[in-house]
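The values are calculated or read from the model by the stated rules, or taken from the named source; none is laboratory data. Bear in mind the structure is a predicted one, so any value in this text is a computation, not a measurement. Cβ: placed from backbone, ideal geometry, glycine included. Neighbour counts: every protein chain shown. These area figures cover heavy atoms from the full protein model, side chains too; ligands, DNA and RNA do not enter into them. Shrake-Rupley method; radii C 1.70, N 1.55, O 1.52, S 1.80 Å.
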Amino acid sequence: MVFGFVTVDKSEMLGKDFDAYKAIYCSLCKQLGKEYTFLSRFILSYDCTFYAVMALSLEDSCSGFCVGRCKFNPLKKCNYLKSNEESLSKAAALSIISVYYKLVDNIADGGFFEKLYCYCLMPFFSVWHKKAKKKFPKIESAVAQMSKAQFEAERDITCSIDKAADPTATMLSKVLQILTDNEEKRRILSAYGYFLGKWIYLIDAANDYEDDVKKGNFNPYVIAYGDDKASHIKDINASLDHCLSECLLSYNLLEVKRFDRIIENLLFYGLPKKQKSVLYKENEK
Amino acid sequence: MNPYQVLGVAETATDAEVKTAYRELAKKYHPDNYADSPLADLAEQKMKEVNEAYDMICDMRKNGGASRSTYSQSSYNNSGYTNTSFPDVRRLIKEGRLDDAMQILNGVSGTGRNAEWYFLMGMIFSRKGWTEQAYSYFQTACRMEPNNQEFMSALNNMNARRHYNPSGYNTANSSGCSICDVCTTLICLDCMCDCCGGNGCC
């Protein structure tokens, strides 16, 4: 999984929604600390926060918020979710498991210092990974399969854009599906997750385009368009737009119980803005 | 079922508000949006609920301004094709057996690969979520048979999805004023000046 692209657009958000979003972020951090020791809090990401938002939006009840103190800054007071442990626990497990597999990947094909760094972290993550796997075997197997499929796709030097994005897309599709038992919702989440995952993979590939050309790394866009990014920027944009369109179509059919404005902020403003800034290098604001 | 809840409006909403809410939802769930989508049946179901809710409210209000003009269920049954070279493949795609359908198509070689072959390949990839490949197959199908309605509408649907602009939002030019604005303002000011009889000064 790739990190850092799934962010909300604060300027388009109501204050109360942003407070709720922040509270979920802080609650996830707290959950990581509770289940996987204080150190694991450093892997907190917006992507997994979004997974927590999705999980919470589908739950039957939400406990509301309470005020607590931030562990990193004792002077700061934050809002936290009162309970909803299950959803947060799933998001925490996803954080741990995806970082674990990222480390495994880096050890397999990273540079010397990268490898060294990953080896140092590995002992911690092995323990946490085992714990997360025991709790949510379905999340673990989804990410494990992604890691394996990705490795295989990248060995194919003629790999298509769709094929390269498929492992990440399938993974997110699976981890979102486990959030509900309702068959209809599962179908919707399956499509929604697939295209969101595809977008995440492709935006990262678009972001790394120049870098990958230089270093000769695997990148499906480079395979399709060579080193001529400039004249294919429209194609890249269309492929990303297509993912977001499908995402929105699926989301429109999904009945969420809360936090709909946060999710819509992401789909309407957060992701398109990110896409624009990556493709056209516009300054973010 | 509370029809007001379905439309997302209060029971005290005016007829115009009800109508606007209905239009919004009908636009959202319109079958055209979900053509060729594996979720088409769910969208159709939603559309039906919305239609029923609107009809109910109209019946309850009877003489109100809200007129009964619900969107009709669009005629989306893809059985419109008459002569197909691949009836089995079409059936398999309909049943969601994409791998089997793909296997049959891959077995076809040379001249057997007509426009419909490319179209159906596109359909399979589209269902799998492999949008880039689907798009290029649809393009080929339309190039080979530009007059085919079915292929054309699939390509058009896809073209619409390859341009994402939810609720007309545009990050560029969202604020500030352009050269045009400046010119129009000057012209307006000039006209106002003339009205006041101030000639020559501007």
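Please work out if A:Lys102 is open to solvent by 20 Å² or more (accessible area, probe 1.4 Å) and either of a type in the set (Val, Ile, Thr) or over 23 Å from A:Leu254 (Cβ atoms) (or both).
yes
Across region A:29-83, what is the total count of residues that are surrounded by fewer than 21 Cβ atoms within 10 Å (Cβ to Cβ), within 27 Å of A:Thr180 (Cα to Cα) and without any contact (Cβ under 8 Å) to a residue 40 or more places away in the chain?
Selection size over region A:29-83: 9.
Inspect region A:169-179 for any residue being farther than 28 Å from A:Ala52 by Cα, at pLDDT 90 or above, out of contact with any strand residue (DSSP E or B) (no Cβ under 6 Å at 6 or more places or on another chain) and assigned to a helix (DSSP H, G or I) and give the result as yes or no.
no
So which residues in region B:118-134 are more than 8 Å from every other protein chain (Cβ to nearest Cβ) and aromatic (Phe, Trp, Tyr), if there are any at all?
B:Tyr118, B:Phe119 - these are the residues of region B:118-134 that are more than 8 Å from every other protein chain (Cβ to nearest Cβ) and aromatic (Phe, Trp, Tyr).
So which helices (runs of 4 or more DSSP H) stay within region B:95-202 end to end and still have 2 or more residues that are within 18 Å of A:His242 (Cβ to Cβ), open to solvent by 40 Å² or more (accessible area, probe 1.4 Å) and at pLDDT 90 or above?
Output list reads B:115-128, B:131-144, B:149-161.
Could we say that B:Tyr54 is assigned to a helix (DSSP H, G or I) and more than 22 Å from the chain's Cα centre (by Cα) here?
Spelling it out, it is not the case that B:Tyr54 is assigned to a helix (DSSP H, G or I) and more than 22 Å from the chain's Cα centre (by Cα).
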